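Student: Structure provided below as structure tokens; questions to follow.
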Amino acid sequence: WSDVTLGKIVGEGNFGKVYHGILNIGKFTKVEVAIKEASNSEGKMDFIHEAKTMARVIRNDYIVNLQGISYVGPQMFLLLEYCPNGDIASYLNTYPQFKESAKNRDYYYPMKWCSQVASGMVFLFNNGIKHVSYIQKEIKD
């Protein structure tokens, strides 16, 4: 945990708060991460199951990737690839290309996005990962 810098709260997940943070890897490398906490004891087993499921995923451009797991006393944290554009619903409501394409019946951006989501889902299926809660709601780029 000493290699993690906890930043501001960026949201609320199924298990508790989600923070923006920095993971220090070695002396010169810093990686932005989303830090999900397991704050309620009832959901800890689900949280652990999610961590195990995410650990099975090798790097993929269309999947939010696990960066690490950390325990601080009884609390558990998942360190995930940070998605600076936030959750899908907010992104789609604010991203100008999506609003304009809907008005103009130009489906380039929605089709590109759907293709990326489908690629991620095919990857999960082909790797035998079927845990529904693993489907992330964040936009990476």
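The values are calculated or read from the model by the stated rules, or taken from the named source; none is laboratory data. Keep in mind it's a predicted model, so treat the numbers as computed, not measured. Backbone-built Cβ (ideal geometry, glycine too); neighbour counts: all protein chains shown. Each accessible area value is taken on the protein alone, full model and side chains, heavy atoms only, with ligands, DNA and RNA left out. Shrake-Rupley method; radii C 1.70, N 1.55, O 1.52, S 1.80 Å.
Student: For the chain, which whole-number percentage of the solvent-accessible area (1.4 Å probe, protein heavy atoms only) is attributable to carbon and sulfur atoms?
Tutor: The value for the chain is 55 percent carbon and sulfur by accessible area.
Student: Under a straight-distance cross-link criterion of Cα-Cα below 13 Å, which aspartates and glutamates are reachable from residue 99, leaving out those fewer than 8 residues away in the same chain?
Tutor: Correct list for residue 99: empty, as no aspartates and glutamates qualify.
Student: Moving to a separate point now. Quick query: amide H of residue 76 versus all other amide H atoms, modeled in the peptide plane; which residues come in under 5 Å with a sequence gap of 5 or more or a different chain?
Tutor: The answer is 38.
Student: What residues from region 61-84 fall in the zone where the backbone N is under 19 Å from a label point 7 Å along the Cα-to-C-beta line of residue 6?
Tutor: Under 19 Å, as judged by backbone N against the label point of residue 6, lie 67-82 of region 61-84.
Student: In the chain, with Lys and Arg counted as +1 and Asp and Glu as -1 at Cβ, which of these residues, 122, 28, 4, has the Cα nearest the positive end of the dipole, that is, farthest along it?
Tutor: Result: 122, furthest along the dipole toward the positive end.
Student: Any idea what the dipole of region 1-42 comes to, in debye rounded to 20, about its Cα centre with Lys/Arg Cβ at +1 and Asp/Glu Cβ at -1?
Tutor: The calculated dipole for region 1-42 is roughly 200 debye.
Student: Report the Cα centroid-to-centroid distance between region 1-46 and region 83-104 in angstrom, as an integer.
Tutor: With region 1-46 and region 83-104 each reduced to a Cα centre, they are spaced 25 Å.
Student: Quick one: putting +1 on the C-beta of Lys and Arg, -1 on the C-beta of Asp and Glu, what dipole do you get for the chain around its Cα centre, in Debye to the nearest 20?
Tutor: Once rounded to the nearest 20, the dipole reads 180 debye.
Student: Okay, next question. Might you report the magnitude of the Cβ-based charge dipole of region 1-82 about its Cα centre, with Lys and Arg at +1 and Asp and Glu at -1, to the nearest 20 debye?
Tutor: Dipole of region 1-82, to the nearest 20 debye: 220 debye.
Student: With r defined as the distance between the Cβ atoms of residue 29 and residue 111 and R0 fixed at 30 Å, what FRET efficiency is calculated, to the nearest 0.05?
Tutor: 0.25
Student: Also: Tell me, what HN-Hα J-couplings in whole Hz come from the Karplus equation 6.51 cos²θ - 1.76 cosθ + 1.60 at θ = phi - 60° for each residue of region 17-28, using x for Gly and Pro?
Tutor: My calculation for region 17-28 gives 6, 10, 10, 8, x, 10, 9, 8, 10, x, 7, 10 Hz in order.
Student: Right, next: Using a 1.4 angstrom probe, figure out how much accessible area the chain has per residue, in square angstrom, rounded to the nearest whole.
Tutor: Accessible surface, normalised per residue, equals 64 Å².
Student: In whole Hz and in residue order, list the ³J(HN,Hα) couplings for region 90-104 that follow from phi through the Karplus curve 6.51 cos²θ - 1.76 cosθ + 1.60, θ = phi - 60°; x for Gly and Pro.
Tutor: Each residue of region 90-104 in turn: 5, 4, 5, 6, 10, 6, x, 4, 6, 5, 5, 5, 5, 5, 8 Hz.
Student: Beyond 24 Å, what percent of the Cα pairs of region 1-100 remain?
Tutor: Pairs farther apart than 24 Å: 26 percent.
Student: As a quick test, which of the pairs 44/130; 52/130; 17/52; 8/130; 8/30 have an alpha carbon distance above 24 angstrom in this structure?
Tutor: In this structure, 8/130 lie more than 24 Å apart at Cα.
Student: Can you tell me the FRET efficiency between residue 65 and residue 103 if r is taken as the Cβ-Cβ distance and R0 is 41 Å, rounded to the nearest 0.05?
Tutor: Step by step, r from the Cβ atoms, then E = 0.75.
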